[in-house]
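I have placed the structure first, in the form of structure tokens, so that the comments after it can refer back to it.
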Amino acid sequence: MRRTPPRRPFAAALLVASVLAPFAASPATAVPSVGADRHASADRHARRDCPPDGLGPELTARLDRAIEDVRREAGIPGLVVGLWMPGRGTYVRATGVADTATGAPMRTGFRQRIGSITKTFTVTALLRLVDEGRVGLDDPVSRYVEGVPGGSRITLRHLAEMRSGLYPYTSDPDFVQALLSDPHRSFTPKELLAYGFRHANTSDPGTTFQYSNTNLILLGLVVEKAGGMSLPDFVHRRVLRPAGLRRTLFPTDARFPEPHARGYTNDTLSGEIEDATDWNPSWAWAAGAMISDLRDLRRWAGILADGTLLSPQTQRQRLRFLPTGVPGTSYGLGIFDSGGWIGHNGSLPGYETVAVHLPSKKATLVLLLNTDVLSAGQEPSSLVARAITEIVTPDNVYDRPLPAS
């Protein structure tokens with residue numbers, strides 16, 4: 001989901017679509033099948049539950065056309081699509097460019113800054129502590145973190161379901177200025193919270209959905225307090241390792257392991273497009289700093305949906321979806337449902353990502369984009385996901401329009 005609905009939290013003006021037109025005209029690179037790409041074919045699980053020879057020529061051609069049309073119309077420089085549909089087949093493609101300066105093609109084996117998909121890892125870490133009896137979802141956050149406005153009435157559940165009423169720090173003008181003036185600087189969690197805590201709460205706890213990174217920064221601190229180690233260490237040991245995610249990491253600095261695409265954003269002071277590849281993601285920390293890839297996100301989407309790492313009762317709590325005010329989308333504990341597809345998306349300067357699973361068909365969709373520039377007021381990742389699901393699952397269309405400003 002966007003970082004602060006109904007629009008991005010940064011004060012940059014929306015970019016006119018024609019500015020990205022040269023990127024959209026760059027040559028595309030299509031990967032003809034899973035077996036043609038070393039990184040995509042390495043997942044033996046994918047070969048086991050999906051026919052390896054694609055979705056058939058007619059459906060594949062329809063997807064190729066639809067995806068390329070959206071990519072060009074939305075001005076997306078590069079795009080990776082992974083679609084796994086047991087009993088029907090697999091579709092993996094990389095199209096467009098990874099670097100607009102050199103024209104280097106997008107590849108399916110690239111790593112990606114995943115933005116708010118990080119929230120699913122942070123909340124999973126919290127829920128593992130719930131299963132161990134070390135925290136309770138209805139515990140007040142004040143039990144673990146001091147100085148939270150109204151913290152004695154705000155529970156961990158409120159934070160995870162985005163109903164705390166705490167002001168989103170990413171909407172604070174001073175934070176926006178500080179980040180965009182020096183996007184390579186490092187922020188601490190307490191510095192981030194200070195930007196939000198200077199504002200009055202926006203609603204009473206539990207009454208109103210408001211997507212806010214403030215909630216996840218607090219949950220990250222709760223995991224550290226109750227888990228007895230840093231959040232990156234806890235996520236690595238208690239989430240990534242048991243999940244078998246070997247190419248996913250929670251960086252503690254701006255490092256971005258190769259290979260990866262360059263990322264392009266207009267979340268800048270000037271509103272012009274800049275290369276945000278090496279911006280420091282510390283400003284998003286527990287809400288959006290992690291890195292992953294196509295293969296790991298495919299696996300993770302299924303784990304989120306079936307609750308592999310959690311007890312059945314805790315998974316039921318996680319999947320208790322409540323209305324968000326956005327048509328077609330409801331939100332649980334660090335996870336959403338859009339047209340029956342459950343998981344999360346991510347957006348931060350330069351990159352957008354989607355990792356969702358459709359339990360009714362056991363299908364998984366993963367998207368990696370190297371831009372977060374809106375197209376006609378919409379997230380480009382949502383436009384791509386909608387076009388794909390309209391074709392392959394017309395009864396379950398991923399459709400996450402941004403609310404009107």
For this session: Go over the candidates G325, G332, G340 one by one and state the one that is over 18 Å from the mean Cα position of the chain (by Cα) and either closer than 25 Å to L368 by Cβ or in contact (Cβ under 8 Å) with a residue 40 or more places away in the chain (or both).
Result: G325
Problem set entry | Tally, over the range 207-240, of residues that are in contact with a strand residue (DSSP E or B) (Cβ under 8 Å, 6 or more places away or on another chain) and surrounded by fewer than 19 Cβ atoms within 10 Å (Cβ to Cβ) | 2
Seminar exercise, completed: Note on the range 287-327: residues aromatic (F, W, Y) and surrounded by fewer than 24 Cβ atoms within 10 Å (Cβ to Cβ) are F321
For this session: Output yes when any residue across the range 390-400 is touching a residue at least 12 places away in the same chain (Cβ under 8 Å), over 22 Å from T100 (Cα atoms) and of a type in the set (S, T, Y), and no when none is.
Result: yes
For this session: Could you check, for the range 195-205, whether at least one of its residues is surrounded by 16 or more Cβ atoms within 10 Å (Cβ to Cβ), in contact (Cβ under 8 Å) with a residue 60 or more places away in the chain and out of contact with any Gly (no Cβ under 9 Å at 6 or more places or on another chain)?
Result: no
Exercise. What are the pairs, 6+ residues apart or on separate chains, where a residue within the range 177-193 that is in a loop (DSSP other than H, G, I, E, B) has its Cβ under 6 Å from a residue that is among the hydrophobic types (A, V, I, L, M, F, W, C) and at pLDDT 95 or above?
Worked result: P183/W279; F187/W283
Exercise. Would the range 305-322 turn up any residue that is hydrophobic (A, V, I, L, M, F, W, C), under 20 Å from G82 (Cα atoms) and in contact with a strand residue (DSSP E or B) (Cβ under 6 Å, 6 or more places away or on another chain)?
Worked result: yes
Exercise. How about the range 134-164: which of its residues are closer than 18 Å to R198 by Cα, free of Cβ contacts under 8 Å to residues at least 40 places away in the same chain and assigned to a loop (DSSP other than H, G, I, E, B)?
Worked result: E146, G151, S152
Problem set entry | Qualifying helices (runs of 4 or more DSSP H) (wholly inside the range 264-328; at least 3 residues being of a type in the set (D, E, K, R)) | 294-306
Exercise. Being part of a strand (DSSP E or B), closer than 15 Å to A74 by Cα and not β-branched (V, I, T), is that true of even one residue in the range 351-359?
Worked result: yes
Exercise. Is it fair to say Y169 is out of contact with any strand residue (DSSP E or B) (no Cβ under 8 Å at 6 or more places or on another chain), hydroxyl-bearing (S, T, Y), in contact (Cβ under 8 Å) with a residue 40 or more places away in the chain and farther than 18 Å from D267 by Cβ?
Worked result: no
For this session: With respect to V148, determine if the residue is in contact with a His (Cβ under 9 Å, 6 or more places away or on another chain), surrounded by 22 or more Cβ atoms within 10 Å (Cβ to Cβ) and more than 21 Å from N266 (Cα to Cα).
Result: no
Exercise. Has the range 109-128 got any residue that is hydroxyl-bearing (S, T, Y), assigned to a strand (DSSP E or B) and surrounded by 17 or more Cβ atoms within 10 Å (Cβ to Cβ)?
Worked result: no
For this session: Exactly one condition in (1) under 28 Å from T268 (Cβ atoms); (2) among the charged types (D, E, K, R); (3) modelled with pLDDT of 95 or more is not met by D395; state its number.
Result: (1)
For this session: State the number of residues belonging to the range 369-389 that are assigned to a loop (DSSP other than H, G, I, E, B) and under 21 Å from T277 (Cβ atoms).
Result: 5
Exercise. From the set of residues in the range 165-176 that are assigned to a loop (DSSP other than H, G, I, E, B) and touching a helix residue (DSSP H, G or I) at 6+ places or on another chain (Cβ under 7 Å), which is farthest from G136 (Cα to Cα)?
Worked result: D172
Exercise. How many of the residues making up the range 101-131 are under 20 Å from the mean Cα position of the chain (by Cα) and under 27 Å from L221 (Cα atoms)?
Worked result: 17
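The values are calculated or read from the model by the stated rules, or taken from the named source; none is laboratory data. Since the model is a prediction, treat every value here as computed from it, not as a measurement. Reconstructed Cβ throughout: ideal geometry from the backbone, glycine too, with neighbour counts over all protein chains shown.
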